[in-house]
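Q: Pasting a structure here, questions to come.
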Amino acid sequence: LATLIMLRSGEMARRINANVPGVCVPQRIIQELDEAEEPGEKSVEIAVRLINDIKPMCRGVHIISVGRESRIPPVLQATGIMRWSR
C-alpha cells in the first residue's frame, strides 16, 4: 500500500522535507508546484501521474489530502480507481 500526500504548494513540500523524517519530496515536484498558476490543480495532476506510475508496484494507495478532500474524486476518476473511503 502506497501513501501519497496531496501537496498544496511548493512551500508545503519544503516544510515536509524539513520536518518529516524519512520523507523527501523531489525538487522537480517542488518546482512544478512553485511554477503552477493553480497549485491545487497541479497537485491533482502530480497525484494522478504518481499513482499511475506506482500502480504496477502496489495493491492500493492511501491518499492524504490534508483538508482538500474535494481533490480526491478527480484523482480517482483520472486513475481509474473506483473504490475509496474516507
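Q: Write down the accessible area per residue of the chain in Å², having rolled a 1.4 Å probe over the full set of protein chains.
A: Counting only protein heavy atoms, the per-residue value for the chain is 69 Å².
Q: Right, next: Which of these, Ala13, Ala47, Ala36, has the largest mean-square fluctuation under a Gaussian network model of the chain (Cα springs below 10 Å)?
A: The residue that fluctuates most here is Ala36.
Q: Among 18-24, 53-59, 39-45, how do they line up from the highest to the lowest mean number of other beta-carbon atoms within 10 Å?
A: Descending packing order for the listed peptides: 39-45, 53-59, 18-24.
Q: Filter the DSSP H helices in the chain by two things, a Kyte-Doolittle mean of at least 0.0 and an axial alpha-carbon span of 18 angstrom or more, and list the hits by number.
A: 39-54
Q: Carbon and sulfur together cover what percent of the accessible area of the chain at a 1.4 Å probe radius?
A: The computed percentage sits at 51.
Q: Taking H as built 1.01 Å from N, whose amide H comes closer than 5 Å to the amide H of Leu4, not counting residues under 5 places away?
A: Under 5 Å from the amide H of Leu4: His62, Ile63, Ile64.
The values are calculated or read from the model by the stated rules, or taken from the named source; none is laboratory data. This structure is a prediction, so every number in the text was calculated from the model and none was measured. All Cβ positions, even for glycine, are placed from backbone atoms using ideal geometry, and neighbour counts span all protein chains on display. Heads up: the accessible areas ignore ligands, DNA and RNA and are worked out on the full protein's heavy atoms, side chains in. Shrake-Rupley method; radii C 1.70, N 1.55, O 1.52, S 1.80 Å.
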